[in-house]
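The values are calculated or read from the model by the stated rules, or taken from the named source; none is laboratory data. Because the structure is a prediction, the values reported are computed rather than measured. Virtual Cβ from ideal backbone geometry, glycine too; neighbours counted across all protein chains shown. Side chains are part of the model used for accessible areas, which takes the heavy atoms of the whole protein and leaves out ligands, DNA and RNA. Shrake-Rupley method; radii C 1.70, N 1.55, O 1.52, S 1.80 Å.
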Amino acid sequence: MEWDSLKKLLIEKIGNETFSTWIEPSKIKMVGNKLVIKVPNSSFAKVIYSRFFDDLVNVCKKEVLIEIDEKISRDILENGENSRNKKAGSRKSRYGYPLNPLYNFSTFVVGEGNQLAHAFAIAVSKNPGKDRRLNPLYIYGGVGLGKTHLIQAIGHEAVSKNLRVIYIPAEEFVNNVVQSIRLNKMDEMRKSFRQETDLLLVDDIQHIAGKEKTQEEFFHIFNALYLTDKQVVFTSQVPPKKISGLTEQLSSRFEGGVMVDVKPPDFETRIAILKKKAEIDGIDLPDEVAIFIASQKTSNVRELEGFLNKVISFSRFFGAPLNIETAKKVIGSHKRDIKGDLSPAEVIKFVARHYGLRVREIKSKSNAKIIAFPRQVAMYLLKKILGMSYVDIGKLFNNKHHSTVMHAVEKIEKLRHEDSEFDRTLDKMIAHLVS
Ligand code: ADP
Ligand code: MG
């Protein structure tokens, strides 16, 4: 397939923004039958692997290899106003990360625990930087309570006002500082942050703890922005005082605007959030299912969403009705996952035993059909039940290549369609594993 047509398919799958941010700066070529993607640094590799590697493989139908190429990273830093962004016609700084299109104000459910944070976020997004009392805005609270969603919603508002926005996870800021120092490009980095930004959004600022040099750089960038009435927003898991190894000067800067916390959502809000999420997926979630999921012992919204997704995909995949029985069945198994009961190892062991093999055999390099076939079944179940990535599944089987895993999953899927007896056998195996 030509790269041009591949590109089109890929953009359809992962979206234009993701494509231009993560793929466009890379060099892509075919080597033999492999697609080799050379990326500028490990952050790119990490994001590609974690966010859309499987999509990439699915679209290309090829083996995909990701390599890090320092030369590209030098080019990017040397070309000043990043060449990739110029190409894409975007005003974004090269340091910014893409905003998740789903994290906007219209998809955010306001409830008791977050209404203050939400109100401040709205106020800031109306007039970023104009009210010094709101600068910086520091939103803190536990994991999975909507901080990233809120900070990105501010970003979307500002982008729609044509402001220049940098959204960056603090960890990446740290990486960028380290790399810029190494490549002697700190001046450019400072300049980019100070001069090309109207709104700076730093997510999970607690990761700056203990990194002295980074804190110093950040302090100067922050001051420059503040003094020119540019807005800065932080999220953090903890208030500034609780960030260990935070310099006094930064700590007092963080506290100089508004600090607001987000608390876990109450029951009603949890239900409203679940309904909203389902609605975004075009699903009318029955009340009983929403209530059942919202009653689970967690206040972490990400985890609730995980339950919901699991119930929805289970019902889609196995054609089960979207009702409380299905939810019970699936979430029952989810609880087991969390406790670590249903682990990949357990799935493999179960499949091996089913076919009268030893775990050692099913994981071996042997391609004998009596071993290879059960291995493919195991790979399929790991993908479908635990939702693991092709790469991670490959690692469990003597480092099998992800394309091999993908073929296995496709093959078993096809076989299920063709052979109804095999289909029933697999249903039984799945039922045994998840219930
Ligand atoms: P945090 O950054 O606080 O760890 P996130 O912003 O990543 O949490 O939220 C985790 C998930 O929960 C996201 O998918 C987010 O959309 C969702 N979420 C959290 N709170 C809300 C809310 N009030 N309304 C809608 N979705 C929410
Ligand atoms: Mg977050």
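The table for this structure:
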{"read-out": "Arg416 paired with Lys241, simple spin-label distance in nm, labels 7 Å along Cα-to-beta-carbon", "value": "5.4"}
{"read-out": "Over the chain: helical MRE at 222 nm, DSSP H runs n ≥ 4 each giving -39500 (n - 2.57), nearest 500", "value": "-17000 deg cm²/dmol"}
{"read-out": "Protein accessible area in segment 267-332, 1.4 Å probe - carbon and sulfur %", "value": "51"}
{"read-out": "Candidates per trypsin sites (Lys or Arg not before Pro) in segment 108-200, loop by DSSP, up to 14 other Cβ within 10 Å", "value": "Lys130, Lys161"}
{"read-out": "Extended-chain gain in nm, criterion 0.36 nm per residue less alpha-carbon gap, Glu212 and Leu183", "value": "8.6 nm"}
{"read-out": "Summed side-chain charge close to Val59 - residues other than Val59 whose Cβ falls under 10 Å, Lys, Arg +1, Asp, Glu -1", "value": "+2"}
{"read-out": "Furthest towards positive pole of dipole, Leu415, Ile362, Val405, structure part segment 342-434, Cβ charges", "value": "Ile362"}
{"read-out": "Å² per residue, accessible surface of the chain at 1.4 Å", "value": "48"}
{"read-out": "Phe350 versus Lys61: modelled label distance in nm, points set 7 Å from Cα along the beta carbon direction", "value": "3.3"}
{"read-out": "Excluding exposed DSSP-loop GluC sites (Glu not before Pro) (at most 13 other C-beta within 10 Å), longest clean stretch of the chain", "value": "82-435"}
{"read-out": "Calculated SAXS-style log₁₀ I(q)/I(0) at q = 0.11, 0.13, 0.19 Å⁻¹ - segment 286-405, Debye, Cα scatterers", "value": "-0.44, -0.59, -0.99"}
{"read-out": "Rounded to the nearest 20 debye, dipole of segment 307-435 from Cβ charges on Lys, Arg, Asp, Glu", "value": "400"}
{"read-out": "Alpha carbon centroid spacing (whole Å) that separates segment 213-234 from segment 296-336", "value": "43"}
{"read-out": "Fraction of accessible area attributable to carbon and sulfur, segment 342-434 (%, probe 1.4 Å)", "value": "51"}
{"read-out": "Helix 301-318 vs. the chain, principal-axis angle (Cα, 0 to 90°, nearest 10)", "value": "30"}
{"read-out": "Pair-distance profile P(r), taking every C-alpha pair of segment 105-262, with 5 angstrom steps and integer %", "value": "2, 9, 20, 24, 21, 14, 7, 2, 0, 0"}
{"read-out": "Förster radius 22 Å - calculated FRET efficiency between Ala320 and Glu279 (Cβ-Cβ, nearest 0.05)", "value": "0.60"}
{"read-out": "Isotropic mean projected area of the C-alpha convex hull, segment 342-434 (nm²)", "value": "5.2"}
{"read-out": "Between segment 403-435 and segment 350-398, the Cα center-to-center distance that results, in Å", "value": "12"}
{"read-out": "Candidates Ala320, Ala294, Ala45: whichever shows maximal mean-square fluctuation once the chain is modelled as a Gaussian network with Cα springs under 10 Å", "value": "Ala320"}
{"read-out": "Accessible-area composition of segment 91-146, carbon plus sulfur, in percent [1.4 Å probe]", "value": "57"}
{"read-out": "Using θ = phi - 60° and Karplus 6.51 cos²θ - 1.76 cosθ + 1.60, couplings along segment 96-112 (whole Hz; Gly, Pro as x)", "value": "x, 9, x, 8, 6, x, 7, 8, 10, 5, 6, 9, 8, 8, 8, x, 3"}
{"read-out": "Among Asn114, Asn367, Asn100, residue whose mean-square fluctuation peaks in a GNM of the chain (springs only between Cα atoms under 10 Å)", "value": "Asn367"}
{"read-out": "Quarter of Cα convex hull surface for the chain, i.e. mean projection, nm²", "value": "22.6"}
